[in-house]
1. Kindly indicate whether any position in the stretch 149-167 is assigned by TED's automatic domain parsing to the domain that holds residue 225, over 20 Å from residue 218 (Cβ atoms) and surrounded by fewer than 14 Cβ atoms within 10 Å (Cβ to Cβ).
2. Might you check whether a residue that is farther than 19 Å from residue 55 by Cβ and without any contact (Cβ under 8 Å) to a residue 40 or more places away in the chain occurs anywhere in the stretch 154-162?
3. Filter the stretch 87-97 down to the residues that are over 14 Å from residue 35 (Cα atoms) and surrounded by 16 or more Cβ atoms within 10 Å (Cβ to Cβ) and list them by number.
4. So is residue 111 assigned to a strand (DSSP E or B), more than 30 Å from residue 195 (Cβ to Cβ), within 19 Å of the chain's Cα centre (by Cα) and in the same structural domain as residue 39 (by TED's automatic domain parsing) or not?
5. Across the stretch 169-187, which residue is surrounded by the fewest Cβ atoms within 10 Å (Cβ to Cβ) among those that are touching a residue at least 40 places away in the same chain (Cβ under 8 Å) and on the phi < 0 side of the Ramachandran plot?
6. Scanning for something in contact (Cβ under 8 Å) with a residue 12 or more places away in the chain and more than 28 Å from residue 127 (Cβ to Cβ), does the stretch 211-232 turn up at least one residue?
7. Condition check: surrounded by 15 or more Cβ atoms within 10 Å (Cβ to Cβ), in the same structural domain as residue 36 (by TED's automatic domain parsing), at pLDDT below 95 and on the phi < 0 side of the Ramachandran plot. Does residue 59 satisfy that?
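The values are calculated or read from the model by the stated rules, or taken from the named source; none is laboratory data. Since the model is a prediction, treat every value here as computed from it, not as a measurement. Virtual Cβ from ideal backbone geometry, glycine too; neighbours counted across all protein chains shown.
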């Protein structure tokens, strides 16, 4: 039997830990297509305010051919998800033009996942109107070869996460452990668990540190990492020392 994991560090969307999707290598009783689906609202700071967009993810126990997601309401907008490096995960990542000053439509987003063998899975994920005020990095500085970031706690936030990217933010290099809502600082270095395979910081090199504030879906009590309602982020360029 094979267990399927999310992309390293939730590369495109917020996904945490090991997903309980299992396919059995048994020709007599093959498992049906199963998928974990999630829609979350993310903020984008712009001059004069904040805009909002949705990130969408579907992760299956078999290779996926296509994923279609329909927003709630009559004539709801249709999102065609695209493949990631993992053929079992498809995503929709909003571009700057996809963000608006209004929150995304509230309600159930309907998923149709089709595997490469043309088996179909249908499911739904609810999006509410709960949001967080934008998170702001107070400080992000190096000391004794460790990077320490601090922030003000976000009201109604459920968790925090720190990430480190390449200078142009094209590559996610590090993701720290999920932090409780009462935390307001995080420190990590080259030996801290969370680096992508084969990656480590290089002295006198610029990186982007990102801080993530998370609110889970109302009523979510289990598998919260796949039931995210809202995500707020802030980032800052630092030089590793």
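1. Yes: the stretch 149-167 contains one or more residues that are assigned by TED's automatic domain parsing to the domain that holds residue 225, over 20 Å from residue 218 (Cβ atoms) and surrounded by fewer than 14 Cβ atoms within 10 Å (Cβ to Cβ).
2. Of all residues in the stretch 154-162, those farther than 19 Å from residue 55 by Cβ come to 155-156.
The next check asks that each one be without any contact (Cβ under 8 Å) to a residue 40 or more places away in the chain; those that pass are 155.
Scanning the stretch 154-162, I find at least one residue that is farther than 19 Å from residue 55 by Cβ and without any contact (Cβ under 8 Å) to a residue 40 or more places away in the chain, so the answer is yes.
3. Kept after step one, since they are over 14 Å from residue 35 (Cα atoms), are these residues of the stretch 87-97: 92-97.
If the condition is that a residue be over 14 Å from residue 35 (Cα atoms) and surrounded by 16 or more Cβ atoms within 10 Å (Cβ to Cβ), then 92, 93, 94 are the ones that fit.
4. Numbers: assigned to a strand (DSSP E or B): yes; more than 30 Å from residue 195 (Cβ to Cβ): yes; within 19 Å of the chain's Cα centre (by Cα): yes; in the same structural domain as residue 39 (by TED's automatic domain parsing): yes.
So residue 111 fits the description; yes.
5. Step one: of the stretch 169-187, the residues touching a residue at least 40 places away in the same chain (Cβ under 8 Å) are 169, 172, 174-175, 178, 187.
Narrowing the set further to residues that are on the phi < 0 side of the Ramachandran plot leaves 172, 174-175, 178, 187.
On the way: 172: 20, 174: 24, 175: 22, 178: 18, 187: 14.
Among residues in the stretch 169-187 that are touching a residue at least 40 places away in the same chain (Cβ under 8 Å) and on the phi < 0 side of the Ramachandran plot, the one surrounded by the fewest Cβ atoms within 10 Å (Cβ to Cβ) is 187.
6. The answer is no; no qualifying residue exists.
7. On the way: surrounded by 15 or more Cβ atoms within 10 Å (Cβ to Cβ): yes; in the same structural domain as residue 36 (by TED's automatic domain parsing): yes; at pLDDT below 95: yes; on the phi < 0 side of the Ramachandran plot: yes.
In short, yes.
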